[in-house]
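Accompanying notes for the structure given below.
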Ligand SMILES: [Zn+2]
């Protein structure tokens with residue numbers, strides 16, 4: 001955890017978040033909890049916590065992120081397939097009864 005938490009423009013303590021975008025994978029940043037358009041009076045406070053990534057670190061992180069996303073996609077497809085099999089087996093069992 002950071003030793004100093006910045007105070008944002010609206011007077012709240014900024015919240016530490018982690019970016020998982022392709023441009024800034026794993027980079028932590030401070031942002032107001034009222035950041036964004038969904039608030040009536042949004043606060044635009046934003047500040048990076050981590051120093052910029054080295055080009056090598058960025059390549060390694062992006063490669064790992066790609067693997068994670070690929071595996072998550074495969075797991076979702078597998079789960080859907082098993083659910084479909086379960087539904088088909090249940091229907092077949094009901095038809096036989
Ligand atoms: Zn704020």
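Screening 71, 16, 65 for residues that are within 20 Å of the chain's Cα centre (by Cα) and touching a residue at least 40 places away in the same chain (Cβ under 8 Å) leaves exactly one candidate, 65.
Could we say that residue 33 is assigned to a loop (DSSP other than H, G, I, E, B), out of contact with any strand residue (DSSP E or B) (no Cβ under 6 Å at 6 or more places or on another chain), on the phi < 0 side of the Ramachandran plot and within 16 Å of the ligand (Cβ to nearest atom) here? When the stated conditions are applied, residue 33 does not pass them.
Taking the conditions (1) away from the ligand (no atom under 16 Å from the Cβ); (2) over 19 Å from the mean Cα position of the chain (by Cα) in turn, residue 42 satisfies each one other than (1). Evaluation of residue 13 against the conditions (1) out of contact with any helix residue (DSSP H, G or I) (no Cβ under 9 Å at 6 or more places or on another chain); (2) modelled with pLDDT under 95; (3) within 26 Å of residue 67 (Cα to Cα) shows that the sole unmet condition is (3).
Within segment 37-62, the set of residues being assigned to a loop (DSSP other than H, G, I, E, B) and closer than 16 Å to residue 13 by Cα comprises 42, 43, 44, 45, 49. Please go through segment 7-21 and give me each residue that is farther than 9 Å from residue 33 by Cβ, within 10 Å of the ligand (Cβ to nearest atom) and surrounded by 14 or more Cβ atoms within 10 Å (Cβ to Cβ), ordered by number. Residue satisfying the conditions is 10 alone.
The values are calculated or read from the model by the stated rules, or taken from the named source; none is laboratory data. Everything quoted here is computed from the prediction, not taken from an experiment. Quick reminder, even Gly has a Cβ in these numbers, built from the backbone with ideal geometry, and neighbours come from all protein chains shown.
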